[in-house]
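Let me begin by presenting the structure, written as structure tokens, before commenting on it.
The values are calculated or read from the model by the stated rules, or taken from the named source; none is laboratory data. Nothing here was measured: the structure is a model prediction, and the numbers come from that model. Here the Cβ is made from the backbone with ideal geometry for all residues, glycine too, and neighbour counts use every protein chain on show.
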Amino acid sequence: MAETKIVMHVRKVDDGASIVDIEGVLTAACERTLMDAYTEASGNLTRAIILNFGGLEYMNSGGIGLLVTLLIRVNRKQQRLLAYGLDDHYREILALTRLDEAIGIHESELAALAATGAP
């Protein structure tokens, strides 16, 4: 089986917010990569984790399951999970799964940052 190609870069906006840029294919095989990125993005003062799906090539049900796992971790730390860069197909999937009710979906990085109160 071919190895799933995924790259995640973490950008700390300030102590309260970080952005995780997702590039490639998000499947269940990416769990360690996503959770490592979350650990890097999250600090004691972090209020919000923002996922940038602009570089997403494909996400299957296993990738959706990882978002649920991440959402649970974020909620345990009393943080917020936000996202931007989703195309219409993935927006619809998040709506069908009702994940859009738990994850703040935004049109742009600026809109997601504004929702966190970050500069």
### Query
Can you pull out the residues in segment 74-118 that are assigned to a loop (DSSP other than H, G, I, E, B) and on the phi < 0 side of the Ramachandran plot?
Lys77, Gln79, Leu86, Asp87, Thr97, Ala102, Ile103, Glu107, Ser108, Ala118
### All positions within segment 18-41 that are among the small types (Gly, Ala, Ser) and under 12 Å from the mean Cα position of the chain (by Cα)
Ser18, Ala37, Ala41
### Task
Can you give me the number of residues within segment 2-59 that are free of Cβ contacts under 8 Å to residues at least 40 places away in the same chain and either polar (S, T, N, Q) or in a helix (DSSP H, G or I) (or both)?
20
### Task
Give segment 60-73 a look and list any residue that's free of Cβ contacts under 8 Å to residues at least 40 places away in the same chain and either within 13 Å of the chain's Cα centre (by Cα) or in a helix (DSSP H, G or I) (or both), or say none.
Ser61, Gly62, Gly63, Ile64, Gly65, Leu67, Val68, Thr69, Leu70, Leu71, Ile72, Arg73
#### Entry: Selection from segment 83-119 of residues that are surrounded by fewer than 15 Cβ atoms within 10 Å (Cβ to Cβ) and in contact with a Lys or Arg (Cβ under 9 Å, 6 or more places away or on another chain)
Gly117
### Query
What do you reckon, is Leu99 closer than 18 Å to Ala115 by Cβ, touching a Leu at 6+ places or on another chain (Cβ under 9 Å) and modelled with pLDDT of 95 or more?
yes
#### Entry: Condition check for Glu92: touching a residue at least 12 places away in the same chain (Cβ under 8 Å) and either more than 19 Å from Ala28 (Cα to Cα) or among the charged types (D, E, K, R) (or both)
no
### Query
Only one residue in Ala41, Ala48, Ala17, Ala29 is surrounded by 14 or more Cβ atoms within 10 Å (Cβ to Cβ), small (Gly, Ala, Ser) and under 19 Å from Leu86 (Cα atoms). Which one?
Ala48
### Query
Take the residues of segment 51-63 that are out of contact with any Phe, Trp or Tyr (no Cβ under 9 Å at 6 or more places or on another chain) and farther than 20 Å from Lys12 by Cα: which is surrounded by the most Cβ atoms within 10 Å (Cβ to Cβ)?
Gly63
### Unmet requirement for Gln78, which otherwise passes all of (1) in contact (Cβ under 8 Å) with a residue 40 or more places away in the chain; (2) more than 14 Å from the chain's Cα centre (by Cα)
(1)
